[in-house]
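The values are calculated or read from the model by the stated rules, or taken from the named source; none is laboratory data. Predicted, not measured: the structure shown is a model, and the values here were computed from it. Cβ atoms come from the backbone with ideal geometry, glycine included; neighbour counts cover every protein chain shown. For accessibility, only protein heavy atoms count, side chains too; no ligands or nucleic acids. Shrake-Rupley method; radii C 1.70, N 1.55, O 1.52, S 1.80 Å.
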Amino acid sequence: MLAIIEQGLILSLLSIGVFLAFRVVNLPDLTVDGSFALGAAIAVKALFEGISPIMAITMAAVGGALAGFITALIHRRFKVNVLLAGILVMTMLYSVNLRIMGGPNLPVPRVSGQQQAPSYESMSGGTLLDDLFADSKAADGPSAAAQKKTVANLFTGRLDGQDLSKISIVIIGALLLLSLFLRTDLGTSLRAFGCNPAGVTAFGISQTFLAITGLVIGNLMVGLSGGLFALYSGFSDVTLGQGMVVTGLASVILGEIIFGKVKFLYGLLAPVAGGVLYQALLSTAMRYGYRIGFLASDMKLLTALFVISVIGVRQLASSPRKQRFRAEVKRLWLNSRGSR
Amino acid sequence: MVELQGVTVTYNKGMPNEQKALRDISLTVNEGEFVTIIGPNGAGKTTLLKVLLGEVSPLKGTYRIDGKLMNNRPPHHLARFIGRVYQDPNTGIFPSLSIKENLLIAAKKGFRTIRFSKLKKEGLDLLEGLGLGLEKRLGVLAGELSGGQKQSLAMIMAISSCPRLLLLDEHTAALDPRSAKSIMDLTMSINGEKGITVMMITHNMEFAGLYGRRLVEFHEGSLIKSEARSTQGLRSSVDRQVSSAVL
């Protein structure tokens with residue numbers, strides 16, 4: 001359970017990034033898939049270079065922010081649709097990540113006595129896939145002894161609460177800083193831009209500047225999440241970011257279902273709670289799903305179906321026909337109460 | 001104050017669907033003046049507003065405010081001199097922000113930084129002056145207000161940073177008659193008491209006759225009439241136009 005919370009909290013930073021892009025500045029940014037993997041690649045590579053873990057995740061966050069900056073610049077300067085701009089940067093980052101890691105994946109250099117963080121499978125009690133990949137896992141990546149420059153990982157992987165407290169500090173710090181930022185003049189104009197982009201121009205604020213600020217901060221959170229995720233799970237992979245936009249969106253939607261219209265801390269708690277709940281649901285599905293034929297590889301499909309179904313239900317619920325039906329039911333109910 | 005000299009705007013230049021939206025427009029608007037702009041659809045009224053706001057660059061001609069050339073300046077630069085209110089009340093406000101946050105955004109123009117501004121007394125006074133009780137509901141989301149309240153807030157926001165010029169594009173068209181009347185009274189007081197220059201586009205011939213010290217008429221991209229008149233004179237001029245339109 002602790003591992004689920006830890007992993008959920010790390011991925012909630014990703015959800016916050018998605019929340020900032022999709023909900024606050026209202027720019028559907030697909031860079032996330034690339035910037036998450038970029039953060040992971042930078043963090044692991046930095047450890048290999050002997051850089052401290054704190055510095056490594058800082059660099060990961062900056063890398064993510066840079067990716068967001070490039071997307072926003074392509075979108076605003078070249079008038080490219082933000083979706084296409086995100087796809088272009090995401091595609092570029094695939095090659096960049098391969099360059100950074102020097103290959104498709106890179107394990108976190110381990111120092112002796114350090115444990116690997118538990119995988120999804122071990123968290124959920126193991127699946128049949130464990131047996132299948134048992135041999136290949138053992139041979140995966142260079143050993144710690146083979147690495148010349150190694151520094152201690154930020155995470156111990158011992159599930160004794162130490163990792164959780166470190167992750168919690170990062171999350172609380174990020175939440176406080178972001179909620180403070182969103183209260184400032186710049187933060188308020190960022191929220192204003194999200195609900196009326198043309199309106200901000202009327203007050204002398206550049207839309208380009210706000211789009212860049214929004215995507216930089218969003219992807220900074222995503223890069224940070226990627227970096228922490230790599231250090232926590234013990235590896236970085238070029239495909240790590242695949243489907244992360246959808247994962248982030250699913251978490252945001254789950255959080256919004258939990259919190260409803262509560263906008264405490266500008267709604268930033270929703271993606272955090274949603275991120276943890278999403279991980280809990282995912283590990284439950286992994287644990288019991290295989291009994292009814294689900295594979296680990298089906299999770300992306302299920303996540304996307306979940307997002308589609310929530311959006312679909314919301315759309316149907318807000319249709320005029322549905323509203324008329326509701327009003328009619330309410331009227332009949334009130335009439336029946338009145339007649340008693 | 002505002003000076004347009006030989007401004008020509010052509011959409012889709014060189015294309016089969018090329019359209020001359022403004023033809024050699026020369027217009028001077030003095031400080032503190034209230035200009036009402038009328039004309040049928042496609043006459044070039046909104047294009048004129050877009051030129052003034054920097055959203056459309058003229059193909060030919062010059063555009064100056066206080067003698068300074070404004071051609072090709074980005075819209076957010078020009079916004080420092082100009083306030084605007086459009087037909088849709090939602091375009092002038094930020095619906096998902098509270099009334100207080102809307103006023104904070106409007107309190108100044110230009111670049112924002114990481115600082116915590118407080119609501120100034122001037123902003124609150126303006127809100128109180130509306131007499132709608134909005135000053136007691138500062139935490140309410142602007143999107144939850146009625147159409148008339150939203151448009152009143154939009155007007156207050158447009159003038160709270162003291163622009164040199166206020167552009168109004170059919171700003172009463174989406175309102176019921178009572179709200180429209182109160183918004184027009186507010187417009188008059190902004191012009192009269194604060195001395196802000198107003199340029200108002202309207203299709204409402206009654207308002208065109210009642211409000212404004214100068215009537216400017218556009219037709220097929222050309223300025224066909226610009227007359228500074230007394231209110232009575234304006235009224236009869238507008239009546240003539242209504243009659244000719246009906247006939």
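Taking A:Arg331, is it exposed (fewer than 10 other Cβ atoms within 10 Å of the Cβ), out of contact with any Phe, Trp or Tyr (no Cβ under 7 Å at 6 or more places or on another chain) and of a type outside the set (Phe, Trp, Tyr)?
no
Do the conditions hold for A:Phe294, that is, is it in a loop (DSSP other than H, G, I, E, B) and either among the hydroxyl-bearing types (Ser, Thr, Tyr) or more than 28 Å from A:Phe22 (Cα to Cα) (or both)?
Judged against the criteria, A:Phe294 is a match.
Condition first: more than 7 Å from every other protein chain (Cβ to nearest Cβ), more than 19 Å from B:Gly32 (Cβ to Cβ), under 16 Å from the mean Cα position of the chain (by Cα) and in a loop (DSSP other than H, G, I, E, B). Can you find one or more residues in segment B:78-86 that meet it?
The answer is yes; a qualifying residue exists.
List every residue pair whose Cβ atoms lie under 8 Å apart, where the two residues are 6 or more positions apart in sequence or sit on different chains, the first residue falls within segment A:185-197 and is more than 7 Å from chain B (Cβ to nearest Cβ) and over 15 Å from B:Gly110 (Cβ atoms), and the second residue, located anywhere, is in a helix (DSSP H, G or I) and small (Gly, Ala, Ser).
From residues that are more than 7 Å from chain B (Cβ to nearest Cβ) and over 15 Å from B:Gly110 (Cβ atoms), the pairs are A:Leu190/A:Gly214; A:Gly194/A:Gly214.
Quick one: how many residues across segment A:17-47 are assigned to a helix (DSSP H, G or I) and either within 21 Å of A:Tyr232 (Cα to Cα) or of a type in the set (Val, Ile, Thr) (or both)? So that I can check it myself, show each step before the final result.
Taking segment A:17-47 and keeping what is assigned to a helix (DSSP H, G or I), we get A:17-24, A:32-47.
Filter once more, so that each one left must be either within 21 Å of A:Tyr232 (Cα to Cα) or of a type in the set (Val, Ile, Thr) (or both): A:17-18, A:24, A:32-47.
Of the residues in segment A:17-47, 19 are assigned to a helix (DSSP H, G or I) and either within 21 Å of A:Tyr232 (Cα to Cα) or of a type in the set (Val, Ile, Thr) (or both).
Return the residues of segment B:182-196 that are hydroxyl-bearing (Ser, Thr, Tyr) and either open to solvent by 10 Å² or more (accessible area, probe 1.4 Å) or not in a helix (DSSP H, G or I) (or both); say none if nothing qualifies. Steps first, answer last, please.
Residues of segment B:182-196 hydroxyl-bearing (Ser, Thr, Tyr): B:182, B:187, B:189.
Selection gives B:Ser182, B:Ser189.
In segment A:1-48, what residues are on the phi > 0 side of the Ramachandran plot and hydroxyl-bearing (Ser, Thr, Tyr)?
Of everything in segment A:1-48, nothing turns out to be on the phi > 0 side of the Ramachandran plot and hydroxyl-bearing (Ser, Thr, Tyr).
Looking at A:Ile311, is it loosely packed, with under 13 Cβ neighbours inside 10 Å, in contact with a helix residue (DSSP H, G or I) (Cβ under 9 Å, 6 or more places away or on another chain) and modelled with pLDDT of 80 or more?
The answer is yes for A:Ile311.
Here is a list of conditions, (1) in a helix (DSSP H, G or I); (2) away from every other protein chain (no Cβ under 11 Å); (3) of a type outside the set (D, E, K, R); (4) out of contact with any Asp or Glu (no Cβ under 6 Å at 6 or more places or on another chain), and A:Thr239 meets all of them except one; can you say which number that is?
Unmet condition: (1).
If I filter segment B:6-41 down to residues being open to solvent by 70 Å² or more (accessible area, probe 1.4 Å) and out of contact with any strand residue (DSSP E or B) (no Cβ under 7 Å at 6 or more places or on another chain), which single residue comes out as nearest to B:Glu170 (Cα to Cα)?
Step by step, filter segment B:6-41, then rank; the result is B:Asn41.
Given the criteria open to solvent by less than 30 Å² (accessible area, probe 1.4 Å), within 14 Å of chain B (Cβ to nearest Cβ) and over 14 Å from the mean Cα position of the chain (by Cα), does A:Gly234 qualify?
No: the conditions fail for A:Gly234.
Please determine whether any residue of segment A:146-153 is crowded, with 16+ Cβ neighbours inside 10 Å, among the basic types (Lys, Arg) and more than 8 Å from chain B (Cβ to nearest Cβ).
no
Can you name every residue in segment B:42-77 that is open to solvent by less than 50 Å² (accessible area, probe 1.4 Å), under 15 Å from B:Pro163 (Cα atoms) and within 13 Å of chain A (Cβ to nearest Cβ)?
B:Leu52, B:Leu53, B:Pro75, B:His76
Among the listed residues A:Leu224, A:Leu240, A:Leu254, A:Leu228, identify the single one that is open to solvent by less than 10 Å² (accessible area, probe 1.4 Å) and not hydroxyl-bearing (Ser, Thr, Tyr). Spell out how you get there, then give the answer.
Details: A:Leu224 fails: open to solvent by less than 10 Å² (accessible area, probe 1.4 Å); A:Leu240 fails: open to solvent by less than 10 Å² (accessible area, probe 1.4 Å); A:Leu254 fails: open to solvent by less than 10 Å² (accessible area, probe 1.4 Å).
After ruling out the rest, the residue left standing is A:Leu228.
Take segment B:106-158 and flag every residue that is open to solvent by 40 Å² or more (accessible area, probe 1.4 Å), facing chain A (nearest Cβ under 9 Å), without any contact (Cβ under 8 Å) to a residue 24 or more places away in the chain and among the charged types (D, E, K, R).
Scanning segment B:106-158 gives a single hit, B:Arg115.
Which one is most open to solvent (accessible area, probe 1.4 Å), of the residues in segment B:197-224 that are farther than 30 Å from B:Glu18 by Cα and part of a loop (DSSP other than H, G, I, E, B)? Reasoning before the result, please.
Going residue by residue through segment B:197-224, those that are farther than 30 Å from B:Glu18 by Cα are B:197-198, B:205-214.
So of that shortlist, the ones also part of a loop (DSSP other than H, G, I, E, B) come out as B:211-213.
Details: B:Tyr211: 18, B:Gly212: 12, B:Arg213: 120 Å².
Applying the filter and picking the extreme gives B:Arg213.
Kindly establish whether B:Glu101 is within 14 Å of chain A (Cβ to nearest Cβ), within 30 Å of A:Arg191 (Cβ to Cβ) and buried (at least 21 other Cβ atoms within 10 Å of the Cβ).
Spelling it out, B:Glu101 is indeed within 14 Å of chain A (Cβ to nearest Cβ), within 30 Å of A:Arg191 (Cβ to Cβ) and buried (at least 21 other Cβ atoms within 10 Å of the Cβ).
From (1) within 30 Å of A:Ala211 (Cα to Cα); (2) over 21 Å from the mean Cα position of the chain (by Cα); (3) surrounded by fewer than 19 Cβ atoms within 10 Å (Cβ to Cβ); (4) of a type outside the set (D, E, K, R), pick out the condition that doesn't hold for A:His75.
Going through the list (1) within 30 Å of A:Ala211 (Cα to Cα); (2) over 21 Å from the mean Cα position of the chain (by Cα); (3) surrounded by fewer than 19 Cβ atoms within 10 Å (Cβ to Cβ); (4) of a type outside the set (D, E, K, R), A:His75 breaks only (3).
Among the residues of segment A:199-220, count how many are within 13 Å of the chain's Cα centre (by Cα) and open to solvent by less than 10 Å² (accessible area, probe 1.4 Å).
Count: 2.
Within segment A:264-281, take every residue that is open to solvent by 20 Å² or more (accessible area, probe 1.4 Å) and touching a Leu at 6+ places or on another chain (Cβ under 9 Å) and give me the one that is modelled with the lowest pLDDT. Talk me through it step by step, then tell me what you get.
Kept after step one, since they are open to solvent by 20 Å² or more (accessible area, probe 1.4 Å), are these residues of segment A:264-281: A:264-266, A:269, A:273, A:276-278, A:280-281.
If we keep only those that are touching a Leu at 6+ places or on another chain (Cβ under 9 Å) as well, we get A:265-266, A:269, A:273, A:276-278, A:281.
On the way: A:Leu265: 82, A:Tyr266: 86, A:Leu269: 92, A:Ala273: 92, A:Val276: 93, A:Leu277: 92, A:Tyr278: 89, A:Leu281: 87.
Residue satisfying both the conditions and the ranking: A:Leu265.
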